[in-house]
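For reference, the structure is listed below as structure tokens.
The values are calculated or read from the model by the stated rules, or taken from the named source; none is laboratory data. Fair warning: this is a prediction, and the values are worked out from it, not measured in the lab. All Cβ positions, even for glycine, are placed from backbone atoms using ideal geometry, and neighbour counts span all protein chains on display. Remember, those area values only see protein heavy atoms, side chains included, never the ligands or the DNA or RNA. Shrake-Rupley method; radii C 1.70, N 1.55, O 1.52, S 1.80 Å.
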Amino acid sequence: MAAGVPPDALGRRVSCGTDYGTVRYVGSVSGTAGIWLGVEWDDPQRGKHDGSYEGTQYFKCRHPKGGSFIRPNKANFGVDFLTAVKDRYGLNDKQDAQYGTGNTVVFGTKTVEFVGMDSVAEQQRQLNKLVDISVRECAVSHAGQEEEISRTCANMRHINLSKNLISSWETIIAIASQVKNLETLNVSENKMRFPSTSTFTSSAFSNLKILALNQTEITWTEVLLCAQGWPVLEELYLSSNNITVLERPDNVLQTLKLLDLSDNQLLDGNQLHLIAELPRLEQLILRNTGISSIRFPDAEFGCKTKMFPLLKRLAINDNKISQWSSINELDKLPSLRALQCNNNPFMDMEKNPETLIQLIIAKISQLEVLNNCEILPAERRGAELDYRKIFGKDWLEAGGHWNPEKNKPSEEFLAAHPRYPALCLKYGAPEEGELKGRQPLTLKNQLLTLTIKCPEKPEQKPVEKKLPESMTIQKVKGLLYRLLKIPGSELKLSYESSKLEGKEVELDNDLKPLQFYSIESGDCVLVRW
């Protein structure tokens, strides 16, 4: 092997300036002198050809112009982990341990008291203090001498190794096996080789809770093989890895609480069924995964699925979900509390953004947070009441009826509005009069002359108002808030009939019009808060 070229150069990751690539060929090129490296670049625009030169194919590239030849002295094959740590934290012998004035020594930007110890011992003490280490973009390519890391950085718990020159998972194991209490590891943006068969399970990750493998070109099969060595892993980040198909994780990932599969184009929504039995999964991130539908076929509408039993937070934004039926399906998830679903085609079907939000809230009964906004109880109540009213006419036409014995809505209606029966139980079935369009207010007999009283506030004088009989209780309350200048507390309304003295009737359903309660002119509306 030529000088400056490592014996294991083939397949190694290299950098050249700000560009990263993988060595696919080491040797001579016809018609030229000396040794060349054939590199497949991560950014195809850096390349010139597909690995062939003057009719001879020296190596292969995924992209027709993703490769080029460079001289070995132009390639950076990287440094060992500890060298990168010392460089990053200003603790290497050559340049950064400078004696300050008097009895201080400067390590990088930090000035440390110097009390008769030599600089090597002090450097060791500083390295031992490091708990959270980032060597992102420090050209780390190998672990270094055996046990050197464990002797030097004994207290590390969190390591960021992203965007380096690591070529294989074995290198990660070699580093991690020397860090006894490693809890968080980020090795994203390293295009690595992963084991393709079940290998000896290392104890390197026995305490690892959080692992990021974004942009590493790992497949789901390789994830499951490596996961045998992650016995207590809680969070796994796998975005942008070209993962298209999933497999059932048998006896692995059983402690996982968060899984991020964003920016992987999954074959279809049914792939989710293969990971639906992860027993502790609480958060699933499926942003931009290409899914167009979600189904839980094991459960009927109105029932809960056995899939994803503990899933609380789901992100399905930036996908191709075009039907409301997928949102209906989410109500089957027994623990779902938070949903992100922006940028899906189904959202374009409703032009009013407020109505859109109300529909989603009404369709998913236990939802507490939608697109990062908390759903307040009053908002849920309003959304459900509006939903019940908006689709009330369809319900009646499909065979719905306020009389339970005659209430037989069609299967088609129930498939489109699976929560409608539950909303009728919660708020009462809608009546035909309630669902009629607003009546014109030109006729005098459609206006009710009512006296408004506040029985618990005798200082508040009674007010006489003319109100349309078609006005809903909700709108009456809105009017009274403004009229009586009441702060935003919950109003309770009732009325006394002029014909039945002492009998008080509660106006308890916000969506009902005044005429529903048989209120007549001359009656008295009582306001409490």
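Of all residues in segment 60-78, count the ones that are within 41 Å of the chain's Cα centre (by Cα) and crowded, with 20+ Cβ neighbours inside 10 Å.
Total meeting the criteria: 7.
Could you give every pair whose Cβ atoms fall below 9 Å, whose first residue belongs to segment 411-424 and is in contact (Cβ under 8 Å) with a residue 12 or more places away in the chain, and whose second residue is among the hydroxyl-bearing types (S, T, Y) and not in a helix (DSSP H, G or I), counting only separations of at least 6 or pairs across chains?
R419/S365; A422/S365
What single numbered condition from (1) assigned to a loop (DSSP other than H, G, I, E, B); (2) over 16 Å from the mean Cα position of the chain (by Cα) fails to hold for S325?
Result: S325 passes all but (1).
If G38 meets every condition in (1) under 16 Å from K191 (Cα atoms); (2) of a type outside the set (K, R); (3) open to solvent by less than 70 Å² (accessible area, probe 1.4 Å) apart from one, which number is that one?
Status for G38: all satisfied but (1).
Which residue out of K363, K312, K320, K351 is among the basic types (K, R), closer than 23 Å to E411 by Cα and in the same structural domain as V245 (by the TED database)?
K363
So in segment 307-322, with the set limited to residues that are open to solvent by less than 40 Å² (accessible area, probe 1.4 Å) and among the polar types (S, T, N, Q), which one is farthest from the chain's Cα centre (by Cα)?
The qualifying residue farthest from the chain's Cα centre (by Cα) is N319.
Just to check your reading of the model, which residue among G38, G31 is without any contact (Cβ under 8 Å) to a residue 40 or more places away in the chain and outside any strand (DSSP E or B)?
When all the criteria are applied, what remains is G31.
Being under 25 Å from S240 (Cβ atoms) and not basic (K, R) is the requirement here; does N155 meet it?
Numbers: under 25 Å from S240 (Cβ atoms): no; not basic (K, R): yes.
It is false that N155 is under 25 Å from S240 (Cβ atoms) and not basic (K, R).
Being at positive phi and either part of a loop (DSSP other than H, G, I, E, B) or among the aromatic types (F, W, Y) (or both) is true for just one of L253, L266, L281. Which residue is that?
Going through L253, L266, L281 in turn, the sole match is L253.
What is the residue count in segment 269-278 for residues that are buried (at least 16 other Cβ atoms within 10 Å of the Cβ) and part of a loop (DSSP other than H, G, I, E, B)?
Kept after step one, since they are buried (at least 16 other Cβ atoms within 10 Å of the Cβ), are these residues of segment 269-278: 269, 271-273, 275-276, 278.
Among the residues that remain, those that are also part of a loop (DSSP other than H, G, I, E, B) are: 276, 278.
Of the residues in segment 269-278, 2 are buried (at least 16 other Cβ atoms within 10 Å of the Cβ) and part of a loop (DSSP other than H, G, I, E, B).
Could you tell me whether any residue of segment 196-208 is closer than 23 Å to L259 by Cβ and in contact (Cβ under 8 Å) with a residue 40 or more places away in the chain?
no
Quick check on my filter: what residues within segment 138-177 are on the phi > 0 side of the Ramachandran plot and crowded, with 18+ Cβ neighbours inside 10 Å?
Within segment 138-177, A139, G144, K163 meet the criteria.
Please go through (1) assigned to a loop (DSSP other than H, G, I, E, B); (2) of a type in the set (A, V, I, L, M); (3) open to solvent by less than 20 Å² (accessible area, probe 1.4 Å) for L185 and return the number of the only condition it doesn't satisfy.
If we test L185 against (1) assigned to a loop (DSSP other than H, G, I, E, B); (2) of a type in the set (A, V, I, L, M); (3) open to solvent by less than 20 Å² (accessible area, probe 1.4 Å), just (1) comes out false.
Out of everything in segment 47-74 that is outside any loop (DSSP other than H, G, I, E, B) and hydroxyl-bearing (S, T, Y), what residue ends up being nearest to Y20 (Cα to Cα)? Steps first, please.
First pass over segment 47-74, keeping only residues outside any loop (DSSP other than H, G, I, E, B): 49, 52-53, 56-57, 67-70, 72-74.
Subset that is hydroxyl-bearing (S, T, Y): 52-53, 56, 68.
On the way: S52: 20, Y53: 21, T56: 24, S68: 12 Å.
So the residue we want is S68.
Would you be able to say whether some residue in segment 494-504 is crowded, with 18+ Cβ neighbours inside 10 Å, in contact (Cβ under 8 Å) with a residue 24 or more places away in the chain, in contact with a strand residue (DSSP E or B) (Cβ under 6 Å, 6 or more places away or on another chain) and part of a loop (DSSP other than H, G, I, E, B)?
If we filter segment 494-504 for residues that are crowded, with 18+ Cβ neighbours inside 10 Å, which is where we start, we get 495-496.
Next, from what is left, pick out any that are in contact (Cβ under 8 Å) with a residue 24 or more places away in the chain: 495-496.
Next, from what is left, pick out any that are in contact with a strand residue (DSSP E or B) (Cβ under 6 Å, 6 or more places away or on another chain): 495-496.
Next cut, part of a loop (DSSP other than H, G, I, E, B) only: none.
Scanning segment 494-504 turns up no residue that is crowded, with 18+ Cβ neighbours inside 10 Å, in contact (Cβ under 8 Å) with a residue 24 or more places away in the chain, in contact with a strand residue (DSSP E or B) (Cβ under 6 Å, 6 or more places away or on another chain) and part of a loop (DSSP other than H, G, I, E, B).
Of the residues that make up segment 241-259, is at least one of a type in the set (S, T, N, Q), crowded, with 18+ Cβ neighbours inside 10 Å and under 23 Å from M156 (Cβ atoms)? Full working, then the answer.
In the first step, residues of segment 241-259 are kept if they are of a type in the set (S, T, N, Q); the result is 241-242, 244, 251, 254-255.
Next cut, crowded, with 18+ Cβ neighbours inside 10 Å only: 241.
Now restrict to residues that are under 23 Å from M156 (Cβ atoms): none.
Within segment 241-259, not a single residue is of a type in the set (S, T, N, Q), crowded, with 18+ Cβ neighbours inside 10 Å and under 23 Å from M156 (Cβ atoms).
Filter segment 120-172 down to the residues that are free of Cβ contacts under 8 Å to residues at least 40 places away in the same chain, closer than 29 Å to D42 by Cα and of a type in the set (V, I, T) and list them by number.
Of everything in segment 120-172, those that are free of Cβ contacts under 8 Å to residues at least 40 places away in the same chain, closer than 29 Å to D42 by Cα and of a type in the set (V, I, T) turn out to be I159, T171, I172.
Just one of the numbered conditions (1) within 28 Å of L256 (Cα to Cα); (2) free of Cβ contacts under 8 Å to residues at least 40 places away in the same chain; (3) over 16 Å from the mean Cα position of the chain (by Cα); (4) buried (at least 18 other Cβ atoms within 10 Å of the Cβ) is not true of L339; which one?
(3)
I'd like to check something: does segment 188-205 contain any residue that is among the β-branched types (V, I, T), closer than 28 Å to E247 by Cα and under 28 Å from the mean Cα position of the chain (by Cα)?
Looking through segment 188-205, none of the residues is among the β-branched types (V, I, T), closer than 28 Å to E247 by Cα and under 28 Å from the mean Cα position of the chain (by Cα).
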